[in-house]
Amino acid sequence: MQKIREQLRQIHGLLLEAFGPQHWWPGETTFEIILGAILTQNTSWANVEKAIANLKAADCLEPDKLHALEAEAIEKLIRPAGYFRLKTKRLRNFTNWFFDAYGGDLDALARIETRRLREELLSVSGIGPETADSMLLYALNRPVFVVDTYTARIAVRHGLIEPDIDYEQLQYLFESNLEPDAALFNEYHALLVRVGKNFCKPKPKCADCPLNALPHTIEGECD
């Protein structure tokens, strides 16, 4: 356990030194970040930004205004994010739950204990663990570690986990070996995404990777 803890700290230090603070999550309000967590499913952030800009231009980045919109209007506004009909259903599922359970009050939502709130979010159709945890961490500042494909790939290649580990096990690896600090979890996840996109790809580019000095095992050859 101590070895893993030290490895995780070393990875964080190397990435922070290489890339600096990532300033995640881009968003001006809590509700905007929540919407972004849903819209970013299966698309790039550049596409999400276009959809968010449309919602902002239509003055629909407030819970009551988005909740009042018809599905067709939402579809038109979020079309740049892709899968716009599916994501409209997911947005409406979320806002319906939000208003039914908490009257659309973000302050009421913020008062709910983290474990309970996570379970409630996961009960909303279309919100999986990564989306729920992104909402908790980035929108509500809860110390919940978000894991994704990049996190798993890097952890496997550096011997922290076995390839068949599931989401909850991977999340526990980070949460049990790091201080429960939302700012730390925020920065760490953002840095893992950065190195995953730039270097630790399916066909990795190891030579210039900030983590190249650490022990790693990679199937196939690095570029």
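The values are calculated or read from the model by the stated rules, or taken from the named source; none is laboratory data. Keep in mind that this is a model prediction, so the values were computed, not measured. Cβ atoms come from the backbone with ideal geometry, glycine included; neighbour counts cover every protein chain shown. Heavy atoms of the whole protein, side chains included, go into the accessibility calculation; ligands, DNA and RNA do not. Shrake-Rupley method; radii C 1.70, N 1.55, O 1.52, S 1.80 Å.
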### Query
Where the only charges are on Cβ atoms (+1 Lys, Arg; -1 Asp, Glu), what is the dipole of the chain about its Cα centre, to the nearest 20 debye?
480 debye
### Query
Taking the chain as a Gaussian network, where each spring joins two C-alpha atoms under 10 Å apart, which residue of THR40, THR29, THR88 fluctuates the most?
THR29
### Summary
Options (i) -0.32, -0.58, -1.20; (ii) -0.40, -0.69, -1.20; (iii) -0.34, -0.62, -1.31 for log10 I(q)/I(0) by the Debye sum over Cα atoms at q = 0.09, 0.12, 0.17 Å⁻¹; the value derived from the coordinates is listed as (ii)
### Query
Taking all protein chains as present, what is the carbon and sulfur share of the accessible area of the chain, in % to the nearest whole number, probe 1.4 Å?
49 percent
### Query
For region 75-197, what relative contact order do you get, as a whole percent, if you take Cα pairs closer than 8 Å and at least 6 residues apart?
20 percent
### Task
Take every Cα pair under 8 Å in the chain that's 6+ residues apart, average their separations, divide by the length, and report that relative contact order as a whole percent.
23 percent
### Message
Can you compute the charge dipole magnitude of region 41-125 about its Cα centre, using +1 on each Lys and Arg Cβ and -1 on each Asp and Glu Cβ, nothing else charged? Give it in debye, rounded to the nearest 20.
### Response
400 debye
### Task
Within the set of other residues whose C-beta is less than 15 Å from the C-beta of ALA132, count the net charge using Lys and Arg as +1 and Asp and Glu as -1.
-3
### Task
Quick one: dipole size for region 1-87, taken about the Cα centre, charges +1 on Lys/Arg Cβ and -1 on Asp/Glu Cβ, in debye to the nearest 20.
400 debye
### Message
Just to confirm my numbers, what's the Cα centroid distance between region 1-37 and region 122-162 in Å?
### Response
11 Å
### Query
Accessible area per residue of the chain at 1.4 Å probe, in Å²?
51 Å²
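May I ask which of LYS3/LYS203; LYS56/LYS201; LYS89/LYS205; LYS76/LYS203 have a Cα-Cα span longer than 31 Å here?
Over 31 Å Cα-Cα: LYS56/LYS201; LYS89/LYS205; LYS76/LYS203.
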### Task
Work from the charge dipole of the chain (Cβ charges, +1 for Lys and Arg, -1 for Asp and Glu, about the Cα centre) and give the residue of ALA81, LEU178, TYR188 farthest towards its positive end.
ALA81
### Task
Would you mind computing, in nm to one decimal, how far apart the modelled labels at ASP59 and ALA46 are, each placed 7 Å from Cα along Cα→Cβ?
3.2 nm
### Query
For the chain, with the dipole built from +1 on Lys and Arg beta-carbon atoms and -1 on Asp and Glu ones, taken about the Cα centre, which of LEU121, ASN93, PRO204 lies farthest toward the positive end?
PRO204
